[in-house]
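The next block holds one structure in the form of structure tokens; read it before the comments.
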Amino acid sequence: MSAVLRRVDHLVIGGGPAGSMVAMRLAAAGREVTLLEKERTAHHKVCGEFMSGEAIEYLNLAGVNPLDLGAAAIRTIRMCSKHGVSEADLPFTALSLSRRALDAAMMARAAEKGCAVRLGSLVERLTRRDANWLVELQNGELLSARTVFLANGKHDLRGWERGRGVQGDLIGFKMHWQLTPAQIEVLRGALEMFLFPGGYGGLSLVEGDAANFCLVVRRSEMRRIGGWTELLANLLDDNRELRERLQCAKALWERPLAISPIPYGYLVRGGCGLWRVGDQAAVIPSFTGDGISIALHSGTLAAEMYLAGAGEDEFHRKLNKQLRRGMLLATQISRAMVTGAGSAVMPLSLSLYPNAMRWIAASTRIPEEAMLAKHAS
């Protein structure tokens with residue numbers, strides 16, 4: 001017996017911050033929206049879990065208060081390597097919250113606005129059929145949608161790959177840790193970045209005083225080292241601050257999350273009829289801490305432009321123009337950081353010029369004039 005074709009107006013694929021944002025904005029405007037999330041519950045993802053001031057503004061616009069969810073404040077950044085430590089205040093107060101908590105809150109908010117949120121709905125195939133999109137789910141269900149917003153993060157949908165990024169030779173890892181009370185107090189209020197030959201990582205507290213350790217490493221370096229256990233042992237041996245922070249700490253998961261490749265520097269140009277948001281539109285290197293804000297911004301901008309009658313290509317061009325300068329700078333710095341010379345020179349340079357960290361943080365943000373959260377309702 002063939003599956004029954006069900007028709008929907010607006011379909012969002014992916015329940016992360018970008019997908020939930022575009023879904024709730026459209027639903028709040030009275031549009032019929034269905035959001036498909038492949039997992040059955042909100043879950044952990046490879047992410048630095050850093051929310052800049054811009055991300056917080058967009059979450060306020062969405063009606064989500066990270067502090068109510070237990071988010072930890074970040075006011076200081078420390079750059080650490082075996083060559084030394086440099087520290088500077090951030091040009092804004094940031095927050096850190098697990099993606100599991102954030103995504104759950106955002107999907108719940110989208111549902112409150114009238115969006116049909118469907119968990120455990122994995123898209124197997126997406127094809128264009130005349131003026132509509134045909135969506136085949138893993139369970140055999142068929143959907144026909146007039147408009148599709150692609151928000152499935154760093155994992156591509158088969159047949160709709162984004163293309164390569166500028167820096168695509170990295171593997172990402174993430175692990176949550178339970179630190180000792182003394183280690184928690186040293187880390188509280190700070191984001192610690194660790195530079196090592198072939199990569200870099202960050203450590204910060206999230207809700208419940210768990211510590212998120214997220215890092216990227218070049219594939220060539222990973223092949224040389226072996227596996228996660230060997231990599232972690234090398235990092236602890238290489239960096240005194242990281243060793244002090246994780247000494248006697250307990251890993252909260254049996255194994256780390258991992259993702260590869262990560263298309264850092266990717267910036268959308270055209271969507272072939274699809275509206276791409278979040279990491280499907282732009283993948284900025286993680287050290288900037290701007291990934292969540294870009295996701296929320298792109299979702300908001302896509303919804304606003306769609307409701308105003310603009311097309312997806314116009315949206316992609318505008319987003320590209322807004323993010324291009326910061327993306328270029330961030331990718332250039334990221335490439336320098338994963339070289340042996342970069343891991344040695346950057347901490348020294350930043351210790352001599354502490355304002356450089358503030359400048360980098362400010363220069364890789366969404367431009368203030370592009371921020372919709374300042375005037376959207």
Looking at this structure, is Val186 farther than 30 Å from Glu312 by Cα, β-branched (Val, Ile, Thr) and either under 14 Å from the mean Cα position of the chain (by Cα) or crowded, with 21+ Cβ neighbours inside 10 Å (or both)? no
Scanning segment 346-377 for residues that are in contact with a strand residue (DSSP E or B) (Cβ under 9 Å, 6 or more places away or on another chain), assigned to a helix (DSSP H, G or I) and at pLDDT 65 or above gives Asn355, Ala356, Met357, Arg358, Trp359, Ala361, Ala362
Pairs returned, first residue in segment 109-120 that is modelled with pLDDT of 95 or more, second residue that is in a loop (DSSP other than H, G, I, E, B) and hydrophobic (A, V, I, L, M, F, W, C), beta-carbon separation under 6 angstrom, 6 or more apart or interchain, are Arg109/Val64
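If a residue must be polar (S, T, N, Q) and surrounded by fewer than 24 Cβ atoms within 10 Å (Cβ to Cβ), how many such residues does segment 272-326 contain?
3
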Practice prompt. With respect to Ile259, determine if the residue is surrounded by fewer than 24 Cβ atoms within 10 Å (Cβ to Cβ), farther than 26 Å from Thr180 by Cβ and without any contact (Cβ under 8 Å) to a residue 40 or more places away in the chain.
Written response: no
Within segment 145-158, residues touching a Leu at 6+ places or on another chain (Cβ under 7 Å) and more than 20 Å from Gly311 (Cβ to Cβ) come out as Leu157
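Quick grid of which residues meet (1) in contact with a strand residue (DSSP E or B) (Cβ under 6 Å, 6 or more places away or on another chain); (2) in contact (Cβ under 8 Å) with a residue 24 or more places away in the chain; (3) buried (at least 17 other Cβ atoms within 10 Å of the Cβ):
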residue	(1), (2), (3)
Ala18	no, yes, yes
Arg25	no, yes, yes
Lys38	no, yes, yes
Ala42	no, yes, yes
Met51	yes, yes, yes
Pro66	yes, yes, yes
Met79	yes, yes, yes
His83	no, yes, no
Pro91	no, yes, no
Check on Ala110, buried (at least 22 other Cβ atoms within 10 Å of the Cβ), in a helix (DSSP H, G or I) and touching a Gly at 6+ places or on another chain (Cβ under 9 Å)
yes
Out of (1) closer than 27 Å to Glu314 by Cβ; (2) in contact with a Phe, Trp or Tyr (Cβ under 8 Å, 6 or more places away or on another chain), the one Ala295 does not meet is (2)
Reported set for segment 244-256 where residues are of a type in the set (Lys, Arg) and over 18 Å from Ser86 (Cβ atoms) is Lys250, Arg255
A careful count of residues in segment 89-107 that are touching a Ser or Thr at 6+ places or on another chain (Cβ under 7 Å) and not in a helix (DSSP H, G or I) gives 5
Might you check whether a residue that is surrounded by fewer than 16 Cβ atoms within 10 Å (Cβ to Cβ), in contact with a Lys or Arg (Cβ under 7 Å, 6 or more places away or on another chain) and touching a residue at least 12 places away in the same chain (Cβ under 8 Å) occurs anywhere in segment 244-256?
no
Per the list (1) assigned to a strand (DSSP E or B); (2) β-branched (Val, Ile, Thr); (3) out of contact with any Ser or Thr (no Cβ under 7 Å at 6 or more places or on another chain), residue check on Val64 breaks on (1)
Of Arg219, Arg146, Arg128, Arg188, the only residue that is of a type in the set (Lys, Arg) and free of Cβ contacts under 8 Å to residues at least 60 places away in the same chain is Arg219
Quick count over segment 33-55, residues being touching a Gly at 6+ places or on another chain (Cβ under 8 Å) and not aliphatic (A, V, I, L, M), is 9
Review point. Out of all the residues in segment 23-43, is one or more under 14 Å from Leu296 (Cβ atoms), modelled with pLDDT of 95 or more and either touching a Phe, Trp or Tyr at 6+ places or on another chain (Cβ under 7 Å) or among the hydrophobic types (A, V, I, L, M, F, W, C) (or both)?
Key: yes
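The values are calculated or read from the model by the stated rules, or taken from the named source; none is laboratory data. Fair warning: this is a prediction, and the values are worked out from it, not measured in the lab. FYI the Cβ positions are ideal-geometry reconstructions off the backbone, even for glycines, and counts take in every protein chain you see.
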